[in-house]
């Protein structure tokens, strides 16, 4: 580790040398995937491309895409590229119909991922002697584990708080003089509000930086967090399919996130045609992993819409930059850092015997996402007593939490009360968009 860089030889590598490194790694990774992942080999064979056709990044467009549907179809082991005995961990995202996307990791994969997170922590000013409070969720979610490992790599004292229990968060933050906070931005904002409610001023804590991701947030929200906590707030990007947080990270310039190009190739494509777009044009972000052993994905479509640039950065890093995602090319919502699909909700309703007449209402109040689901009852159900209806709402809420991982508020409403448009209900009302939040 050197000053403001964790791995300066990679973070400041000239673009021409980085391209040569990517060329070399891509050739080997494509052959590795072709020989070890029958699912992807079939896709390549179908497209008529062989490993020997790939000589470098310029040939990337010859390869087939992978999409979320492929990951669900191949669940759980169909994209595993090594013997299961070589794997030391899994992480998972929620699936749209109950099937999870499961990502596998060898020890080498974990080390690489943690190094990426370490780069993010150092870019935010972290180092030996810092106290890093990790308030992302732990468990199958990648947030907590990634920043936890990165904190260890850097040499910070790590507080593995996980999310929630804000009173305890504040106690440890103040008693142990935490200097770096890692969490979703909405939870950071809530911690700031809770500190103020407890009588603390921003200057009373020892925090200097925060590393926030896993959900959309605006520049206005960034400044509010910075004011309430007295810190500099840094963005971080990742997805379980590529490892987790740390695929890209923000530096002191705060004008986009540097992509760890020695481990990931980024492309921007036209989401409708799949054709690659030049730097500076807005389109769908596609990633190829270059080093993954257990779960290597080639040309994975993230559905995130953004722009890539290679403008010179004052921090000295030469890594490609991505802007904050501007939205998504599918129907996924991110609520409190969790991926939620309308089809998940529909599956729960159908399994519980309800007709799929529902409406999702998402808003952001006091920097925290609210999540309500209105569900129409049948005529017979509507005749039930309020006590029975309340019990059924709680039962349905429990089923939703099991599926989604977060708690919505369920409202059973009268038959026909949800507005239709051309005979079809409007499924999602996302009021966060009026605040300028890209969701």
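The values are calculated or read from the model by the stated rules, or taken from the named source; none is laboratory data. Since this is a predicted model, take the numbers as computed values, not measurements. All Cβ positions, even for glycine, are placed from backbone atoms using ideal geometry, and neighbour counts span all protein chains on display.
Residue 196: in the same structural domain as residue 114 (by TED's automatic domain parsing) and at pLDDT 95 or above, yes or no?
The answer is no for residue 196.
Would you check which residues across region 393-439 are at pLDDT 95 or above and over 32 Å from the mean Cα position of the chain (by Cα) and list them?
Once the filter is applied, which keeps residues that are at pLDDT 95 or above and over 32 Å from the mean Cα position of the chain (by Cα), region 393-439 yields nothing.
Having 2 or more residues that are under 24 Å from residue 187 (Cβ atoms) and without any contact (Cβ under 8 Å) to a residue 60 or more places away in the chain is the bar; report the strands (runs of 3 or more DSSP E) wholly within region 299-354 that clear it.
Result: 300-306.
What tally of residues in region 132-147 results from selecting those that are out of contact with any helix residue (DSSP H, G or I) (no Cβ under 9 Å at 6 or more places or on another chain) and not in a loop (DSSP other than H, G, I, E, B)?
Residues flagged as out of contact with any helix residue (DSSP H, G or I) (no Cβ under 9 Å at 6 or more places or on another chain) and not in a loop (DSSP other than H, G, I, E, B) within region 132-147 amount to 2.
Tell me, which residue of region 244-302 that is within 21 Å of residue 330 (Cβ to Cβ) and out of contact with any strand residue (DSSP E or B) (no Cβ under 8 Å at 6 or more places or on another chain) is modelled with the lowest pLDDT?
Ranking the candidates gives 272 first.
Can residue 139 be described as touching a residue at least 60 places away in the same chain (Cβ under 8 Å) and either surrounded by fewer than 20 Cβ atoms within 10 Å (Cβ to Cβ) or in the same structural domain as residue 66 (by TED's automatic domain parsing) (or both)?
no
Would you confirm whether or not region 100-121 contains a residue that is free of Cβ contacts under 8 Å to residues at least 60 places away in the same chain, touching a strand residue (DSSP E or B) at 6+ places or on another chain (Cβ under 7 Å), over 30 Å from residue 207 (Cβ atoms) and surrounded by fewer than 19 Cβ atoms within 10 Å (Cβ to Cβ)?
yes
Scan (1) farther than 21 Å from residue 27 by Cα; (2) in contact (Cβ under 8 Å) with a residue 60 or more places away in the chain for the single condition residue 278 breaks and write down its number.
(2)
So, restricting to helices (runs of 4 or more DSSP H) that lie completely within region 1-60, which ones have at least 1 residues that are more than 21 Å from residue 260 (Cα to Cα)?
15-36, 38-47
Quick check on residue 189: is it in contact with a helix residue (DSSP H, G or I) (Cβ under 8 Å, 6 or more places away or on another chain) and at pLDDT below 95?
yes
Please go through region 166-177 and pick out each residue that is closer than 19 Å to residue 125 by Cα and surrounded by fewer than 24 Cβ atoms within 10 Å (Cβ to Cβ).
176, 177
Those residues that are in contact with a helix residue (DSSP H, G or I) (Cβ under 7 Å, 6 or more places away or on another chain) and surrounded by fewer than 24 Cβ atoms within 10 Å (Cβ to Cβ), I need them from region 208-217; list them, please.
215
Quick check, is residue 231 within 26 Å of residue 366 (Cα to Cα), in contact (Cβ under 8 Å) with a residue 24 or more places away in the chain and crowded, with 16+ Cβ neighbours inside 10 Å?
yes
Residue check: is residue 78 in contact with a helix residue (DSSP H, G or I) (Cβ under 6 Å, 6 or more places away or on another chain) and surrounded by 22 or more Cβ atoms within 10 Å (Cβ to Cβ)?
Answer is no for this residue.
Going through 295, 249 one at a time, which residue ends up being in the same structural domain as residue 122 (by TED's automatic domain parsing), in contact (Cβ under 8 Å) with a residue 60 or more places away in the chain and farther than 25 Å from residue 75 by Cα?
Exactly one residue qualifies, and that residue is 249.
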